[in-house]
Amino acid sequence: MGLFDFSVKELHDKLVKKEITPFDLVSESFNRIESVEDKVGSFITLNKEAAFGVAEELGDAGIDPNNMLAGLPIGIKDNIVTKSLRTTAASKILENFDPIYDATVVSKLKNAQTINIGKLNMDEFAMGSSTETSYFHKTHNPWDLSRVPGGSSGGSASAVAAGEVLFSLGSDTGGSIRQPAAFCGVVGMKPTYGRVSRFGLIAFASSLDQIGPITKNVEDNAYLLEAISGLDANDSTSINQPVERFSDSLTGDIKGLRIGVPKEYLAEGVDPGVKQAVLDALKTLEKLGATWDEVSLPHSEYGVASYYILASSEASSNLSRFDGVRYGYRSPNATTLEELYTKTRSEGFGDEVKRRIMLGTYALSSGYYDAYYKKAQQARTLIKQDFVNVFENYDVIIGPSSPTTAFKIDGMINDPITMYSNDILTVPINLAGVPAISVPCGFSDGLPVGLQIIGNYFEESLLYKVAHAFEQETTFHKEKPNL
């Protein structure tokens, strides 16, 4: 077994007993990166010298038995700022940006004494579902190198699946943690909006973005969410909710659990292999004492349209700060202030980012605001109410994380409408702000399938309990790609 085949808890015990050192774990990470990174392409920037330095310091000081994550290697999505470590959001416009502060989640991870291995590839400014819009390179799915890892947190998911890091952080605006987790056969959690601080997350759509953990198994995920959750004075949207010990909820007991299965989530458009894997997962949960009924989320059909209007509108506002004046790329071809703006953005942003800025600016413009933006906000309210209604009678909602398994690289990149439609099962969760987790639940034609478990606000503990109970009855999370 490699060191990363052990769980967080097992590695922690070995570190405390000095059977292994943090230096061993960092070496494991960089050895694996050297072995497979040219095939997978998970990283944009490596933090090798600093990582080994921290590992030596922690090894000399000894590991605190009460600090579960101390000495463990982690990868950070490249839209989460890291002091003095290049943070690009996978865009040319930020290719030389070295932040002067840490995001709150990065500060929390430093306090937990994790070791940052490097910054992970993603779709540019988190705009994409395949990690193909990155300015630097495309990331490949470790299960099939001809396929995408999902997006926008494709680097975060592929790095964990490929064994390059023990766990990672991603961000989820419309499914960007859960969909790549499903495609890569790992566990990804999108917490309740406000559970985790967004301070230091380069904004795409501020009312939708949420940082969350990607791991090999549910228990590791719970430990990582514990470390990054909590109120933050620097983020006015973070919520003063007690940080629970999510790991305490992993009892395996889900007798009496009431599950709602939306008919819209298993309707036409969902691959037969994906649908069968989800139905088999429901049988496993039934065996554990849960019951399920078909329910309806009737307004979910408007989710994709509402999401792309709202997210693009917020993006057009958020990305206006990238003007070539204060930081980031500045066009060398500009001779006037107007040219500085237009040429910097024309040369610095990729096609997908430009497409969404234009869509958002149009939706917010005079004469179209009421017809598009306001209507999308009204639809968002109805989508949120659908979830509220179902949670009055059911504990969790379950369905696929994605309607398909991982698709071919270059298969959809030139068809944005089809690409956007792939988010149909994940965007309603972000519009409502509720939490959801994706866990491996089977394979279809040799590719992983993700089971999406959706909870009521701040019910992450219940999601972990259900996901862990399912995981303990199956072996899908133990399967590894052959690289």
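The values are calculated or read from the model by the stated rules, or taken from the named source; none is laboratory data. Keep in mind that what you see is a predicted model, and the values were worked out from it rather than measured. Glycine gets a Cβ as well: all are built from the backbone with ideal geometry, and neighbour counts include every protein chain shown. The protein model used for the area step is the full one, side chains on, heavy atoms only, and it has no ligands, DNA or RNA in it. Shrake-Rupley method; radii C 1.70, N 1.55, O 1.52, S 1.80 Å.
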> Residue check, Lys110 against (1) in a loop (DSSP other than H, G, I, E, B); (2) open to solvent by 10 Å² or more (accessible area, probe 1.4 Å); (3) not acidic (Asp, Glu), all met but one. Which one?
Replying inline: (1)
> Which ones in region 460-483 are open to solvent by 50 Å² or more (accessible area, probe 1.4 Å) and touching a residue at least 60 places away in the same chain (Cβ under 8 Å)?
Replying inline: Lys465, Gln472, Glu473, Phe476, Glu479, Lys480
>> Residues to consider are Gly360, Gly350; find the one that is surrounded by 15 or more Cβ atoms within 10 Å (Cβ to Cβ) and farther than 18 Å from Asn96 by Cβ.
In response: Gly360
> Of the residues that sit in region 65-87 and are under 15 Å from Glu226 (Cβ atoms) and without any contact (Cβ under 8 Å) to a residue 60 or more places away in the chain, which one is least open to solvent (accessible area, probe 1.4 Å)?
Replying inline: Ala70
> Looking at Gly256, Gly260, which one is over 30 Å from Phe6 (Cα atoms), open to solvent by less than 50 Å² (accessible area, probe 1.4 Å) and outside any helix (DSSP H, G or I)?
Replying inline: Gly260
>> Given the criteria surrounded by 15 or more Cβ atoms within 10 Å (Cβ to Cβ), farther than 26 Å from Glu132 by Cα, in contact (Cβ under 8 Å) with a residue 60 or more places away in the chain and among the hydroxyl-bearing types (Ser, Thr, Tyr), does Tyr373 qualify?
In response: yes
> How many residues are over 16 Å from the mean Cα position of the chain (by Cα) and assigned to a loop (DSSP other than H, G, I, E, B) if we restrict to region 407-423?
Replying inline: 8
> Within region 330-347, restricting attention to residues that are farther than 30 Å from Ile309 by Cβ and outside any loop (DSSP other than H, G, I, E, B), which residue is least open to solvent (accessible area, probe 1.4 Å)?
Replying inline: Glu339
> Are there any pairs, at least 6 apart or on different chains, whose C-beta atoms fall under 9 Å, with the first in region 2-17 and in contact (Cβ under 8 Å) with a residue 12 or more places away in the chain and farther than 17 Å from Ile115 by Cβ and the second among the aromatic types (Phe, Trp, Tyr) and crowded, with 18+ Cβ neighbours inside 10 Å, and if so, which?
Replying inline: Lys9/Tyr223
> Within region 216-250, can you find the residues that are touching a His at 6+ places or on another chain (Cβ under 8 Å) and either open to solvent by 60 Å² or more (accessible area, probe 1.4 Å) or in a loop (DSSP other than H, G, I, E, B) (or both)?
Replying inline: Lys216, Asn217, Leu250
> Before we move on, is Phe407 touching a Leu at 6+ places or on another chain (Cβ under 7 Å), on the phi < 0 side of the Ramachandran plot and surrounded by 20 or more Cβ atoms within 10 Å (Cβ to Cβ)?
Replying inline: no
